[in-house]
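*Asks:* Next up is a structure, given as structure tokens.
The values are calculated or read from the model by the stated rules, or taken from the named source; none is laboratory data. Being a predicted model, the structure only gives us computed values, none of them experimental. Please note: Cβ atoms are built from the backbone with ideal geometry, for glycine as well, and neighbour counts cover all protein chains shown.
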């Protein structure tokens with residue numbers, strides 16, 4: 001009986017203590033010394049464009065007390081005039097009252113910023129604070145963002161398709177203050193960045209000129225479309241390249257592929273030029289293709305001194321086109337760095353195609369793909385000269401040929417000379433392969449993590465060429481992609497000279 005009584009007494013004590021503690025946890029701590037702490041005391045947004053807004057950032061408000069706590073107010077110091085907006089418990093606004101946090105628990109606050117147009121070309125600093133009033137105490141978290149004005153090319157028209165989809169676009173002549181008109185040339189101003197929504201179209205008879213130092217930013221699925229008989233001229237300079245990239249400026253987007261669509265060039269112009277450009281973080285870097293179904297229409301792209309990198313599909317995509325490409329580095333694409341379909345005319349000199357894609361999903365397709373037919377229809381591959389180039393990557397074979405030799409009228413005329421190639425293909429046919437260094441292992445590069453695919457000096461012995469063809473073509477481009485001089489003693493394959 002005594003044991004049972006003691007047991008009952010113990011149960012009652014436990015229940016009392018549990019109830020006491022539970023009641024205590026359910027009560028608010030009101031002592032002025034009791035407060036909250038924060039996961040960080042300031043939030044910095046990298047440069048964002050005016051009117052676009054930012055990615056969402058967050059802070060955590062932590063209650064380390066053994067009782068729940070009430071935050072009397074959470075508010076932005078500048079109130080309704082603030083360019084920041086916060087989200088507390090699923091509600092967006094600038095002021096919140098009586099927010100509770102349970103004992104030993106926390107609360108997330110999400111923050112965004114929209115920077116108003118300033119008409120100032122250089123970045124402006126936007127600041128505010130989140131103020132917390134807790135048990136009579138005032139605590140602050142500092143907010144800071146850098147904002148920059150830009151030329152905004154908004155899509156004001158749309159092409160509608162039978163399947164119900166549409167393509168939103170505007171033309172280069174829409175935004176009057178973004179260019180100087182010289183004849184049919186629309187020369188973009190480069191005092192501020194250009195931000196594109198939807199597709200910006202260079203229409204028939206128009207020429208878009210983009211000079212050195214211009215920064216072009218694309219929103220999601222946006223692109224630049226050089227329509228039939230339109231023309232694109234990109235004139236960058238070494239150290240002052242024209243940059244094409246996604247519109248998000250936060251650090252999380254700095255190296256994120258697939259942020260925008262592509263530069264799309266159709267037929268009808270013999271003078272499309274891209275020189276000294278950096279094209280990055282999109283879906284397809286440059287797509288040069290016939291829009292119609294008639295081959296032989298005048299079309300030409302001259303692509304030189306350009307880096308195309310980190311594309312979620314292809315780097316350079318050509319369909320029955322005429323391309324002269326030299327001193328380019330095209331790397332790290334989810335599929336092909338170079339995708340050539342349905343023949344055409346091509347000259348590639350001193351180009352590096354190094355594909356070490358490591359994002360989203362593994363790459364299964366080779367860095368380079370060459371094709372001259374659609375089913376049983378063979379199309380003319382009139383010229384394919386591949387001289388002083390590198391094809392490399394993580395796969396065992398980085399080159400795929402899909403060439404149909406059955407049409408005697410259109411035999412594929414491809415010639416590889418003085419190249420370094422990672423491949424398992426047979427390259428013994430001297431009619432198509434001359435002075436090739438064929439390897440089963442990859443080269444080592446100076447800084448592949450930053451897309452600097454210059455082979456290390458130790459690789460010189462396996463990639464140097466001393467031949468009349470290599471030297472002759474090197475003379476056409478005496479400076480490599482980084483501005484270093486090529487020597488006549490040892491001509492290195494690829495876009496970078498190793499001296």
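*Asks:* Return only the number of the condition from (1) outside any loop (DSSP other than H, G, I, E, B); (2) exposed (fewer than 15 other Cβ atoms within 10 Å of the Cβ); (3) modelled with pLDDT of 90 or more; (4) under 33 Å from the mean Cα position of the chain (by Cα) that residue 40 does not satisfy.
*Replies:* Condition not satisfied by residue 40: (1).
*Asks:* What about residue 215, is it under 21 Å from residue 254 (Cα atoms) and at pLDDT 95 or above? Write out each step before concluding.
*Replies:* Details: under 21 Å from residue 254 (Cα atoms): yes; at pLDDT 95 or above: yes.
Considered against the rule, which asks whether it is under 21 Å from residue 254 (Cα atoms) and at pLDDT 95 or above, residue 215 comes out as yes.
*Asks:* On the basis of being surrounded by fewer than 19 Cβ atoms within 10 Å (Cβ to Cβ) and at pLDDT 95 or above, does residue 185 make the cut?
*Replies:* Spelling it out, residue 185 is indeed surrounded by fewer than 19 Cβ atoms within 10 Å (Cβ to Cβ) and at pLDDT 95 or above.
*Asks:* Restricting the search to segment 234-254, which residues are buried (at least 20 other Cβ atoms within 10 Å of the Cβ) and part of a strand (DSSP E or B)?
*Replies:* Those that are buried (at least 20 other Cβ atoms within 10 Å of the Cβ) and part of a strand (DSSP E or B): 234, 242, 244, 245, 246.
*Asks:* Name the single residue that is surrounded by the fewest Cβ atoms within 10 Å (Cβ to Cβ) among those in segment 224-233 being without any contact (Cβ under 8 Å) to a residue 60 or more places away in the chain and touching a strand residue (DSSP E or B) at 6+ places or on another chain (Cβ under 8 Å). Walk me through how you get there before you give the answer.
*Replies:* The initial filter retains those residues of segment 224-233 that are without any contact (Cβ under 8 Å) to a residue 60 or more places away in the chain, namely 224-226, 229-233.
So of that shortlist, the ones also touching a strand residue (DSSP E or B) at 6+ places or on another chain (Cβ under 8 Å) come out as 224-226, 230-233.
Numbers: 224: 26, 225: 23, 226: 27, 230: 23, 231: 22, 232: 23, 233: 18.
So the residue we want is 233.
*Asks:* Would a scan of segment 331-352 turn up a residue that is assigned by TED's automatic domain parsing to the domain that holds residue 237, assigned to a loop (DSSP other than H, G, I, E, B) and over 21 Å from residue 439 (Cβ atoms)? Lay out the reasoning, then the answer.
*Replies:* Initial filter on segment 331-352 (assigned by TED's automatic domain parsing to the domain that holds residue 237): 331-352.
This time we only want the ones that are assigned to a loop (DSSP other than H, G, I, E, B), so: 334-337, 350-351.
If we keep only those that are over 21 Å from residue 439 (Cβ atoms) too, we end up with 334-335.
Yes, because at least one residue in segment 331-352 is assigned by TED's automatic domain parsing to the domain that holds residue 237, assigned to a loop (DSSP other than H, G, I, E, B) and over 21 Å from residue 439 (Cβ atoms).
*Asks:* Also, quick follow-up: Evaluate the following for residue 271: is it under 18 Å from residue 325 (Cα atoms) and buried (at least 23 other Cβ atoms within 10 Å of the Cβ)?
*Replies:* no
*Asks:* Could you tell me which of the residues 170, 165, 178 is exposed (fewer than 15 other Cβ atoms within 10 Å of the Cβ), over 30 Å from residue 102 (Cβ atoms) and not assigned by TED's automatic domain parsing to the domain that holds residue 85? Write out each step before concluding.
*Replies:* On the way: 170 fails: exposed (fewer than 15 other Cβ atoms within 10 Å of the Cβ); 178 fails: exposed (fewer than 15 other Cβ atoms within 10 Å of the Cβ).
After applying the criteria, what remains is 165.
*Asks:* Consider segment 360-392. How many of its residues are in contact with a strand residue (DSSP E or B) (Cβ under 8 Å, 6 or more places away or on another chain) and either surrounded by 24 or more Cβ atoms within 10 Å (Cβ to Cβ) or in a loop (DSSP other than H, G, I, E, B) (or both)?
*Replies:* Qualifying residue count, segment 360-392: 16.
*Asks:* Mind listing whichever residues of segment 180-195 are free of Cβ contacts under 8 Å to residues at least 60 places away in the same chain and either touching a strand residue (DSSP E or B) at 6+ places or on another chain (Cβ under 7 Å) or in a strand (DSSP E or B) (or both)? Talk me through it step by step, then tell me what you get.
*Replies:* Restricting attention to segment 180-195, the residues satisfying the condition of being free of Cβ contacts under 8 Å to residues at least 60 places away in the same chain are 180-190, 194.
Within segment 180-195, 180, 181, 182, 184, 185, 186, 187, 188, 189, 190, 194 meet the criteria.
*Asks:* Scanning for something more than 30 Å from residue 47 (Cβ to Cβ), out of contact with any helix residue (DSSP H, G or I) (no Cβ under 9 Å at 6 or more places or on another chain) and not in a loop (DSSP other than H, G, I, E, B), does segment 78-95 turn up at least one residue?
*Replies:* Among the residues of segment 78-95, not one is more than 30 Å from residue 47 (Cβ to Cβ), out of contact with any helix residue (DSSP H, G or I) (no Cβ under 9 Å at 6 or more places or on another chain) and not in a loop (DSSP other than H, G, I, E, B), which makes the answer no.
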